[in-house]
Amino acid sequence: MPILTRPETMERITTPALAEKFIAEQTADIRAQVGDKKVLLALSGGVDSSVVAALLIKAIGRQLVCVHVNHGLLRKGEPEQVIRVFKDEMDANLIYVDASDRFLDKLAGVSDPETKRKIIGGEFIEVFAEEARKLEGITFLAQGTIWPDILESEHGIKAHHNAGGLPEDLNFDLVEPVRILFKDEVRVVGKALGLPDNMVFRQPFPGPGLGVRCLGAITRDRLEAVRESDAILREEFANAGLAGKVWQYFTIVPDFKSVGIKDGRRCDEWPVILRAVNTRDAMTATVENVPFDLLQRITDRITHEVAGVNRVLYDLTPKPTGTIEWE
Ligand code: XMP
């Protein structure tokens with residue numbers, strides 16, 4: 001049986017050699033636990049599920065079935081990267097479900113943030129359960145639970161968000177190969193498994209994705225403005241050497257317009273709000289002191305390259321009083 005609790009004496013995994021040792025132990029444990037049975041994994045492309053997928057592929061190859069649900073609220077290029085890394089490069093047994101229309105149709109006209117979150121979470125479980133029911137002979141469900149999830153649920157800080165939520169007829173045994181690791185250790189293991197840096201050192205991304213950054217009722221055109229402006233911000237931060245240095249940065253598009261001028265004509269278009277923050281634990285956060293010339297360059301690109309946008313604003317608010325996300 002795999003170890004379920006982090007031994008107090010366990011050395012922090014900080015080097016490739018320690019990661020290799022962990023990987024060897026885990027692959028042996030996974031093979032012992034799973035035997036010749038099949039394992040199902042919801043692969044979001046986030047750090048934890050990606051490392052779990054890479055570990056399981058190493059241990060049991062195509063006995064792992066990955067399901068990548070695209071809810072239409074992912075960042076630009078993310079679903080493509082999941083397919084390229086796992087299906088093309090690692091030969092994973094990967095089912096890609098483009099459920100964008102289904103999510104966006106359900107979200108149409110819904111402006112309350114908590115209702116939006118509930119719809120996205122509920123629909124995700126439904127799509128995943130539908131895929132699971134189509135498959136035969138699945139015994140196990142793999143999850144990217146990590147040690148802080150266990151500690152936080154023990155201390156009542158948050159419900160253990162990985163704990164299934166699947167309907168009762170889908171009664172799988174759990175495989176949780178990174179359960180005893182801290183986040184920084186998951187990254188070291190992911191790197192040793194050969195995952196690309198932009199996956200392993202990815203900034204945090206909320207489960208409801210761009211849905212909480214397209215404020216109010218989501219429309220497809222405004223969602224596209226969030227996605228495109230986010231891609232420009234990430235590209236410019238990477239070019240300026242800020243990727244991996246700033247804890248979290250993203251764009252928000254509110255559901256109001258203002259007057260501007262484009263090509264000598266009046267235009268009523270949305271503003272894009274930039275947010276870039278640093279924090280240790282996301283409970284409080286400070287605002288990154290982004291160089292003014294970089295802000296100007298990002299503004300120039302977004303207002304010229306993103307359809308429907310005529311202004312760019314920088315959010316100067318620490319947490320508190322603001323939260324990191326706007327919804
Ligand atoms: P806030 O906005 O509460 O965000 O200051 C703190 C951190 O949590 C992330 N966040 C979420 N993550 N589901 C998630 O998985 C959510 O609904 C959610 N809301 C906020 C946020 O991106 C930040 O890193």
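Any read-out appearing in this document is the output of simple, stated calculations on the displayed coordinates, not a laboratory observation. This structure is a prediction, so every number in the text was calculated from the model and none was measured. All Cβ positions, glycine included, derive from the backbone under ideal geometry; neighbour counts span all protein chains shown.
Listing for the model above:
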| item | result |
| --- | --- |
| The range 186-214 versus the range 237-279: alpha-carbon centroid distance in Å | 21 Å |
| Debye, to nearest 20: dipole size of the chain, +1 on Lys, Arg Cβ, -1 on Asp, Glu Cβ | 460 debye |
| Protection-proxy order for peptides 140-147, 241-248, each taking the mean of Cβ atoms within 10 Å per residue, highest first | 140-147, 241-248 |
| Taking only Cα atoms of the range 16-200, radius of gyration then Dmax in Å | 16.4, 52 |
| Rounded to whole Å, sorted largest first: equivalent-ellipsoid semi-axes of the chain, Cα gyration tensor | 37, 23, 18 |
| Projected area, mean over directions - the range 98-150, Cα convex hull, nm² | 5.4 nm² |
| Among Val246, Thr299, Leu274 the positive-end extreme of the charge dipole of the range 213-314 (Cβ point charges) | Leu274 |
| Loop-located GluC sites (Glu not before Pro) in the range 110-212, at most 13 other Cβ atoms within 10 Å (DSSP) | Glu136, Glu168 |
| Relative packing of 257-267, 278-288, which averages over residues the other C-beta atoms within 10 Å, highest first | 278-288, 257-267 |
| Amide H within-cut-off set for Leu141, under 5 Å, with H built and near neighbours excluded | Leu40, Asp173, Leu174, Val175 |
| The range 203-269: C-alpha gyration tensor shape, a/c 1.5 cut-off, then a/b vs b/c | oblate |
